Amino acid sequence: MTAISVPADAPDGGADFENHWIFDRYGRFRRNGGGTGTLDGRRYNVVKIELPDGEKKTVYFDITENWQRSLTPQ
């Protein structure tokens with residue numbers, strides 16, 4: 001698994017970053033589910049998508065730094 005790093009300063013918990021990253025690589029898509037999880041001290045968003053032709057993919061985002069920043073008072 002290779003996860004895409006979400007920048008620490010990405011707004012909205014990185015959701016816009018994730019959506020733009022997916023769109024830039026696959027074009028139109030629909031989120032089909034997903035969730036969050038941890039592995040080896042890192043936190044990940046797992047995003048399941050469906051493309052217009054019905055193909056399904058799972059994309060992994062490393063949200064560790066973004067998530068930690070959201071816990072720190074600004």
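The values are calculated or read from the model by the stated rules, or taken from the named source; none is laboratory data. Treat the numbers as computed from the prediction; the structure is a model and nothing was measured. Here the Cβ positions follow ideal geometry from the backbone for every residue, glycine too, while neighbour counts run over all protein chains shown. Surface accessibility is based on the protein's heavy atoms, side chains included, excluding ligands, DNA and RNA. Shrake-Rupley method; radii C 1.70, N 1.55, O 1.52, S 1.80 Å.
Among the residues of segment 27-41, are any of a type in the set (A, V, I, L, M) and surrounded by 15 or more Cβ atoms within 10 Å (Cβ to Cβ)? No, there is no match, as no residue in segment 27-41 is of a type in the set (A, V, I, L, M) and surrounded by 15 or more Cβ atoms within 10 Å (Cβ to Cβ). Candidates are the residues of segment 1-23 that are among the charged types (D, E, K, R) and over 16 Å from Y60 (Cβ atoms); the one that is least open to solvent (accessible area, probe 1.4 Å) is D16. Within segment 52-68, residues that are over 14 Å from F17 (Cα atoms) and touching a residue at least 24 places away in the same chain (Cβ under 8 Å) sit with their Cβ atoms under 6 Å from residues that are surrounded by 14 or more Cβ atoms within 10 Å (Cβ to Cβ) and hydrophobic (A, V, I, L, M, F, W, C), at 6+ positions apart or across chains, in these pairs: K57/I49. The C-beta contact set for segment 4-32 (first residue over 20 Å from E55 (Cα atoms), second residue open to solvent by less than 50 Å² (accessible area, probe 1.4 Å) and assigned to a loop (DSSP other than H, G, I, E, B), distance under 6 angstrom, 6+ apart or interchain) comprises V6/I63; G14/V6; G14/I63; F17/V6; F17/A10. Once segment 41-72 is narrowed to residues that are of a type in the set (D, E, K, R) and modelled with pLDDT under 95, the residue that is farthest from the chain's Cα centre (by Cα) is R69. Quick check on segment 1-57: of everything there that is in a loop (DSSP other than H, G, I, E, B) and among the aliphatic types (A, V, I, L, M), which residue is nearest to R69 (Cα to Cα)? Among those that are in a loop (DSSP other than H, G, I, E, B) and among the aliphatic types (A, V, I, L, M), it is A8. Residues of segment 16-45 that are touching a Phe, Trp or Tyr at 6+ places or on another chain (Cβ under 6 Å) and closer than 14 Å to S5 by Cα: E18, I22, R43, Y44, N45. Selection over segment 58-74 of residues that are farther than 12 Å from S5 by Cα and assigned to a strand (DSSP E or B) gives a count of 1.
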